[in-house]
Amino acid sequence: WELLWSLILLFTFSLLLVWSYFWWEADNDYNEFNWFLYNHSGEWTDGTIPILATTAAGFTYVAFLMVLALCHVALGQQLNLHWLHKIGVTAALLTTVVGIISISQTWGQEWDVIPISLQSTGPFLHVGALAAATALSWIVAGQVARAEKTIFQVVVVLLYLSVLLGLYVLPLYITSPCIMDPSTLKPRPEVFGHQGAPVLAPENTLWSFQRALQMNVTGLEADVTISVDGVPFLMHDVTLRRTTDVEKVFPDRERNEASQFNWTDLQQLNAGQWFLKDDPFWTVNTMSLQEKNLTAKQRVCSLEQLLKLASYHNSTVVFRLRRPPPEHPCYTTWINDTLEAVQDSGVLQNLVMWTPDDERAQVKQLAPGFIQTSLVKRSPEYLHRSGISRLLLRYNQVSTSEIIDYSRNNISLTLYTVNEPWLYSVLWCSGVSSVSSEVPHILRKVPYPTWLLRPNEYCLMWVSADLISFAVVIGIFILQKYRMSGMRSYNPEQIMLSAAVRTSSRDINVMKEKLIFSEVRNGGSAEELYEEHSFDSYTNQSVRQ
């Protein structure tokens, strides 16, 4: 039973380790997770805070119990969890399992962040795991030297050596685009401002795009909806509740879709005060008074306004166009209405990345200079036949080999949403031409990949680590054998007896009998041992001392 609880504790620790690593690397997409929660609940909250807090608390607690368990094993004792700890471990296990199932159902695509992040952390996690396995050799060697049964010694040594050998050869299966010759590194990927700079200013507003341009982005990315009177405007959500004061200006229409408002009504809405009030990224306190005033005055931005700003700064623009519902007046003319707005803005055609697949052939005839872009992953052959030269995809939709394949076929890739330097570095080493980011002010501080190793340097690193680990393990086994050779063997019953209350009980008698029979097998005299432990060999009763 206690062995079963030891296995449950080990499994819970391993599961929490993976769960903690997942949330550590998912930091790149916290805003996306909060948006998923908003779509389900209708209220904008930072759902990552309670998850991170409970994960940190649970992992710390279970890790502490694991350390205590290892200490027990090192001293030759059996782990006996208190019933309160059993309840705590069970609660941690069930909570983690429920969390994993919930994430798999609502945000399943995010699990891809684990293999992608291992391209950045894998070489270093391997060294850490090797160090931990090497340190555990002290406990394993102690158990082997202390054991009396040869079969137990052989099984323990074989299991440990199997794990150690697996870690030694693991680098053969670790792949990372950052293990490369630096001379083959491609130019730094261009950065697009995803909804402008939404961490520094309200998303999809002119001020947000101006802030992005201040961070030297080469392009701007926006979400476009069409109003009832045919004006394309910038809005990410289906409704206006989150990013405007529609509940104040039009309280009876706050849950209506954004496309059901005309442009005159939209111009009455404030699109900046929510940012100052909610402070979704904890950046308001870093803003100057002037920046706060500009933020508070932001209005809903039209596509034409964005294009004029981009034209003035000679920046590329890519936008996702949401088709209005069937009952909308512009349901059939949405492509023409958008194309007309683009042409009226006066922006150069080669600065526009056109993404809608509907009526693409007609758009190519009317605006042959547009950069035809697909939001759907296609083969290079299909893209060439369709006259598409660019792809806009989520960063987990393409592998390193596919990135290389697209590059060879002259298909440019723009991957979103890339917010963390480690992810930007991995994609840079993979050969991606551009990324879309919510934090261009952070990526501008990444002039070079976070790490870059030549293949021979990495080979030297892991071979050296393996040799050092092997030498240390051998030394520890020899030392433990030497330490234990002159020590009298003992059993867990001895330790438990020393801590037992000096009161006659059946349990104490049983432990004494186990100890005596064990020492008799080791060559002791039964009479002497009964006398030594104050035990009556004739009546089999405990004697008070």
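The values are calculated or read from the model by the stated rules, or taken from the named source; none is laboratory data. Predicted, not measured: the structure shown is a model, and the values here were computed from it. Please note: Cβ atoms are built from the backbone with ideal geometry, for glycine as well, and neighbour counts cover all protein chains shown. The accessibility values were calculated without ligands, DNA or RNA, using every heavy atom of the protein model including side chains. Shrake-Rupley method; radii C 1.70, N 1.55, O 1.52, S 1.80 Å.
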Item to check | Tyr312 paired with Ile404, simple spin-label distance in nm, labels 7 Å along Cα-to-beta-carbon | outcome: 4.5
Checklist outcome for this item: In order over region 303-309: 3J(HN,Hα) from phi, Karplus 6.51/-1.76/1.60, θ = phi - 60°, whole Hz, x for each Gly or Pro, gives 4, 4, 5, 5, 5, 5, 5
Item to check | GluC sites (Glu not before Pro) restricted to DSSP loop in region 304-366 with at most 11 other C-beta within 10 Å | outcome: Glu327
Checklist outcome for this item: Phi angles of region 248-262, converted by Karplus (6.51 cos²θ - 1.76 cosθ + 1.60, θ = phi - 60°) into ³J(HN,Hα) in whole Hz with x for Gly and Pro, give 8, 7, 10, x, 7, 10, 5, 9, 6, 5, 4, 6, 8, 9, 8
Checklist entry - Which loop GluC sites (Glu not before Pro) in region 10-76, with loop taken from DSSP, have no more than 15 other Cβ atoms within 10 angstrom of their Cβ? => result Glu43
Checklist entry - Which whole-number value in Å² is the accessible area per residue of region 111-225, probe 1.4 Å? => result 42
Checklist entry - Separation of region 139-168 and region 401-418 by C-alpha centroid, Å? => result 48
Item to check | Cα gyration tensor shape of region 207-348, rounded if a/c is under 1.5, else prolate or oblate by comparing a/b with b/c | outcome: oblate
Checklist outcome for this item: Cα extents of region 25-165 along the principal axes, largest first, in whole Å, come to 64, 39, 20
Checklist entry - Thr184 to Val157: extension gain in nm, 0.36 nm per residue of separation minus the Cα-Cα distance? => result 5.2 nm
Checklist entry - Hull surface divided by four, with the convex hull built on the Cα atoms of region 368-450: how many nm²? => result 5.7
Checklist entry - Averaged per residue, what accessible surface does region 305-371 expose to a 1.4 Å probe, in Å²? => result 48
Checklist entry - Between Lys292 and Arg444, what is the label-to-label distance in nm when each label sits 7 Å out along the Cα-to-Cβ direction? => result 2.3
Item to check | Inter-site label distance for Ser464 and Tyr173 at 7 Å from Cα along Cβ, in nm | outcome: 2.6
Checklist entry - How many times 2.2 N^0.38 Å is the alpha carbon radius of gyration of region 126-283? => result 1.96
Checklist entry - Can you list residues whose amide H is under 5 Å from Phe319's amide H, if they're 5+ apart or on another chain and H is modeled 1.01 Å from N? => result Ala222, Met353, Thr355
Next on the checklist: Please list, by residue number, every one of the trypsin sites (Lys or Arg not before Pro) in region 370-450 that is coil in DSSP and has at most 12 other beta-carbon atoms within 10 Å.
Outcome noted: Lys445
Item to check | Shape box of region 105-185 [Cα atoms, principal axes, largest first, Å] | outcome: 56, 42, 17
Checklist entry - Using modelled amide H (1.01 Å from N, peptide plane; none on Pro or chain starts), what sits under 5 Å from the amide H of Ser434, excluding residues fewer than 5 places away? => result Glu190, Leu413, Leu415
Checklist outcome for this item: At 20 °C and 1.002 mPa s, the Stokes-Einstein diffusion coefficient in µm²/s for the chain, with hydrodynamic radius from the Kirkwood sum on alpha carbon pairs, is 75
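Step by step: find N for region 157-204, compute 2.2 N^0.38 Å, then divide the Cα radius of gyration by it. What's the final number?
Rounded to two decimals, the normalised Rg is 2.26.
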Next on the checklist: Can you give me the long-range amide H partners of Val300? Hydrogens built in the peptide plane at 1.01 Å from N, cutoff under 5 Å, separation of 5 or more residues or another chain.
Outcome noted: Leu269, Ala271
Checklist outcome for this item: The FRET efficiency for Glu43 and Arg378, from their Cβ-Cβ distance with R0 = 30 Å and rounded to 0.05, is 0.20
Item to check | Potential lengthening between Asn456 and Glu254 on full extension [0.36 nm per residue; Cα-Cα distance subtracted] | outcome: 66.6 nm
Checklist entry - Taking region 246-298, how much of its Cα-Cα pair set, in percent, is spaced more than 13 angstrom apart? => result 64
Item to check | Rounded percent of accessible protein surface that carbon and sulfur make up, the chain, 1.4 Å probe | outcome: 60
Next on the checklist: So for region 163-251, considering every pair of alpha-carbon atoms, how many percent are separated by more than 17 Å?
Outcome noted: 68
Checklist entry - Could you give the longest part of the chain that holds none of the chymotrypsin sites (Phe, Trp or Tyr not before Pro) found in DSSP loops with at most 13 neighbouring Cβ atoms within 10 Å? => result 2-281
Item to check | Stretchable slack from Val238 to Gln397, in nm (0.36 nm times residue separation minus alpha-carbon distance) | outcome: 54.8 nm
Checklist entry - In whole Å, what is the distance between the alpha-carbon centres of region 314-369 and region 44-112? => result 50
